[in-house]
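Have a look at the structure below, then the notes.
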Amino acid sequence: MPSGLSLQQKDNRIVAGLLTLNTFVRSVVALRPIEYLDGLVIPDDAYLSLTTARNIARGLGPLYSLEHTNGFQPLYVFLMVPRFRLLVGAYTCYIFTSWFYERYLFPIGIVVFLLMGIALDRFFLHYSSHRTGVRWAGTLAVVLVGLNIMQPTFRDLITSTDTQTRGYMNVGLWARREFPGGTILGAQQSGAIGYFADNLRVINLDGVVNASCYRSLVERRNIDYIRATRIQHIVGWKVDLSFIKSHSTNYADDDLQLVKELDGFTSWNQPWYLFKVNLRH
């Protein structure tokens, strides 16, 4: 850094440099086609936010399908809609699983890194001579960048052409083609299905954006809720079937009938299955 600059000016330059780099990297990633971002950058739950935002933009209110959401996650701002209204992502306040934490904390990551940059700058300035501080900073930067580039998921953003074994877009496109318009379809992982199959009524079954379903899970009557909402089919993984069973005290073996395994694509090498709901007319 040029000598003669105050410590505050040097900190400002660090912040400006980090913000510029962050904006550049994010812009490069954002320009990738959605099939490359699906799963790696856009998790299934992000589609819940996009779908709810789309419904608000259409004047339907904060709905996912026809169900009111549990609430909004204000850290996420996903979509600018007509008349320049900002819509926040519709994430729940309840977290079922540990892998949600990084998604919630990610928006504050840039703030953490900025503070780390300022702290390291002050450390290097006070620790040793300017030349030594710059060397330490350069070495640390190279190590951090190298560790990120070595991550397969980072390289996949640029080089991967695999759209059949990861992400959630394919199951949503399949559902749109498979069922006639208006079909009531249930899914625990309902984000991409509801987003891409907007000709169907997709009901969220893990309670993330469905307050009624969430109550049925807490009260262990999930299968009763499924029948009460007239869900005709459920799309999910085998573990999703176990989830329904474990949250239904009166589950019977013939409540959900396996129809088939979906061919042609998986998500993280997990096959998808179609189940038919026994509505017990």
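The values are calculated or read from the model by the stated rules, or taken from the named source; none is laboratory data. Please read all numbers here as calculations on a predicted model, not as lab measurements. Please note: Cβ atoms are built from the backbone with ideal geometry, for glycine as well, and neighbour counts cover all protein chains shown. With ligands, DNA and RNA removed, areas are computed over all heavy atoms of the protein, side chains included. Shrake-Rupley method; radii C 1.70, N 1.55, O 1.52, S 1.80 Å.
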Interchain or long-range residues, amide H under 5 Å from G186's placed H
I203, Q232, H233, I234, V235
Relative contact order %, segment 221-281, counting alpha carbon pairs below 8 Å whose residues are six or more apart
45 percent
List the equivalent ellipsoid semi-axes of segment 189-255 in whole Å, largest first, each obtained as the square root of 5λ for an eigenvalue λ of the Cα gyration tensor.
19, 13, 11
Run through all the Cα pairs of segment 230-281 and give the fraction in each 5 Å bin from 0, expressed as whole percent.
5, 19, 28, 26, 13, 7, 3, 0
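For E178 and R230 in one chain, what is 0.36 nm times their gap in residues minus the Cα-Cα distance, to one decimal in nm?
Values: separation 52, 0.36 × 52 = 18.72 nm, distance 1.83 nm.
Here the answer is 16.9 nm.
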Quick one: of the DSSP bridges fully inside segment 158-281, what percent are antiparallel, nearest 5?
65 percent
Using a 1.4 angstrom probe and counting only protein chains, how large is the accessible area of L140 in Å², to 10?
60 Å²
Spin-label pair L147/A57, simplified geometry with 7 Å Cα→Cβ offset, distance in nm:
3.8 nm
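Go ahead and run the numbers for FRET between L258 and A16, Cβ-Cβ distance against an R0 of 41 Å, rounding to 0.05.
Values: r = 57 Å, r/R0 = 1.39.
So, using R0 = 41 Å, E works out to roughly 0.10.
Work through the residues other than D198 whose Cβ is under 9 Å from its Cβ and net out their charges, Lys, Arg +1 and Asp, Glu -1.
Details: positive: R54, R176; negative: none.
Value of the local net charge: +2.
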For Cα pairs less than 8 Å apart in space and 6+ apart in sequence, what is the mean separation divided by the residue count of segment 188-264, i.e. the relative contact order in percent?
25 percent
Let me test this: with uniform point scatterers at the alpha carbons of segment 134-281, what is the Debye-based log₁₀ I(q)/I(0) at q = 0.11, 0.12, 0.20 1/Å?
-0.51, -0.57, -1.19
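Considering only protein heavy atoms and a probe of 1.4 Å, how much of the accessible area of segment 218-270 is carbon and sulfur, as a whole percent?
On the way: 1380 of 2890 Å².
Ligands and nucleic acids excluded, carbon and sulfur give 48 percent.
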Just to verify a number: FRET efficiency for T249 and R155, C-beta to C-beta distance, R0 = 41 Å, to 0.05?
0.30
